[in-house]
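The values are calculated or read from the model by the stated rules, or taken from the named source; none is laboratory data. Computed from a predicted model, the values in this text were never measured in an experiment. Glycine also receives a Cβ, built like all others from the backbone with ideal geometry; neighbour counts cover every protein chain displayed.
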Amino acid sequence: MNTFEDFKIKRQLKNAIDDLGFEKPTPIQQESYSSILAGNDFVGIAQTGTGKTIAYLLPILQELKYSDQQQPRVLIIAPTRELVIQIVEEINKLTEYISVRSLAVYGGTNMKTQQAAVLEGVDILVGTPRRMYDLALSNVLRLKSIKKLVIDEVDIMLDFGFKTQLKNIFEQLPTKRQNILFSATMTEYVDQLTDDFLVNPIKKTISISGTPLDTISQEVYAAENFYTKANLLNHLLSDRDKHNKVLVFVGSRKDADRLYETLDFEEETSVIHSGKEQNHRMKSIDKFVDGTSRILIATDVISRGIDIEKISTVISFNTPLYPENYIHRIGRTGRAEQEGNSILFYNEKEEPLKEAIESLMKYTIPFIEFPDEVEVSTELTPEEQGKPEEEEEVELKRDPNKGASHHEKSAKNSKAKVEKKSYSQQLKAKYKKPIRRGDKIQNKKKNKNRRRK
Ligand code: AMP
């Protein structure tokens, strides 16, 4: 399946593809076309830029027959208005020579106009979850006619707190339908949706296309706990020449903030995660892009939309729970023929995860001895002491003993968990009082004293 001819797509679609100037299918398109066309449930782990939109649109359009039925047969749900518009634009380009009615619906626009548009008849409805559900509630949109459901950017859906809306939409859909999920990163929510709604899905993972893995030098260090890892990080970051633009991935928002407080390089460090306000996130990214900050601490989900060049070093402060996320992380360095460094930290608990990464890559990451001059801390974070964690939206729990079979369904009962607080609730809880600079310096001192012990 190396060419579009191999797909045997109808002439009108092929002509549209030719107009777009696409020469051959991207890897995710090659991986997904026949599975989706055959009607299988499908899970694709692929980032923006891999051609994932056309990966699901092409088989859907190939199969969609002309109809003047009023209610939609295909539902595509995406987390943001921008993405909804982008998807409809792609549909329009692909359907240049076929008669397909598509419609974009999203919040912030007139509900009545959109109701009228639905009543005019639509084949493919693309929208954000809340507006889609409101239209369904108003009875103008009837979801019982849906044959195919696509959820795009599932990880961002959860990040935006759309879980309830999605659940409400699912309840209105016919049980017999094809489900197609796309997510940039593998998260427990993807697993959960897969377990709850999909039937024998086919799963494919694609790393950013063309990631020049051989230009990235990889190293791994064993460090037993958070503060020991922080000491090691401080030690490594003191080599400013080698590590001149450093992206540090952490497993949770709490760890991101904690690491920021603990690092020695306050003036050179920014932090972003989904608990930070948009404004703060933009500033952090700008500072990292223009070089004001040498170091950016980030969680997986939040970092994925940012395209920053010339990153010298990617540090995985935690070992990702899903091995494919490691590939996504290190794809941020070593771009455009440049040399990049990837440094992975793991502790005893994370060892099976490190092995899963190595087996996915079919490569054993060179192990570097823990430097003598770095302090090993005995201090533990509350989470390391076994205190209950606030649920995080990034990479959620998975049983490390499950090892490399990352495509296995996790046991449903292992995932019973507390409903996530809404975004605004979390922000309120977290930033009840403004965090003043003075507070931060105090905390920083406290943390520094702690870890020297
Ligand atoms: P996406 O990952 O869906 O956001 O797509 C990223 C970009 O790749 C979009 O501008 C697409 O139009 C483009 N694209 C999709 N498929 C192909 C292809 N087979 N060849 C070249 N470009 C493509």
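At a glance:
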read-out: Filter result for the condition that a residue is in contact (Cβ under 8 Å) with a residue 60 or more places away in the chain and outside the structural domain of LEU57 (by TED's automatic domain parsing), over GLU188, GLU153, GLU224; value: GLU224
read-out: Residue tally, condition away from the ligand (no atom under 12 Å from the Cβ), more than 24 Å from LEU181 (Cα to Cα) and acidic (Asp, Glu), over segment 7-43; value: 0
read-out: Wholly enclosed helices (runs of 4 or more DSSP H) of segment 1-85 bearing at least 2 residues free of Cβ contacts under 8 Å to residues at least 40 places away in the same chain and surrounded by 15 or more Cβ atoms within 10 Å (Cβ to Cβ); value: 27-37, 52-63
read-out: Every pair of residues 6+ apart whose Cβ atoms lie under 6 Å, when the first sits in segment 352-378 and is modelled with pLDDT of 95 or more while the second is among the aromatic types (Phe, Trp, Tyr); value: LYS354/TYR346; ILE368/TYR221; SER377/TYR227
read-out: Any pair with Cβ under 6 angstrom, 6 or more apart, that starts in segment 285-304 at a residue that is assigned by TED's automatic domain parsing to the domain that holds ILE315 and of a type in the set (A, V, I, L, M, F, W, C) and ends at one that is modelled with pLDDT under 90 and part of a helix (DSSP H, G or I); value: VAL301/ASP155; VAL301/ASP159
read-out: Any hit, segment 58-66, residues being touching a helix residue (DSSP H, G or I) at 6+ places or on another chain (Cβ under 7 Å) and within 13 Å of the ligand (Cβ to nearest atom); value: yes
read-out: Residue in segment 215-229 that is more than 27 Å from PRO323 (Cβ to Cβ) and surrounded by fewer than 19 Cβ atoms within 10 Å (Cβ to Cβ) present; value: no
read-out: Yes/no for ASP257 being outside the structural domain of GLU188 (by TED's automatic domain parsing), among the charged types (D, E, K, R) and within 26 Å of the chain's Cα centre (by Cα); value: yes
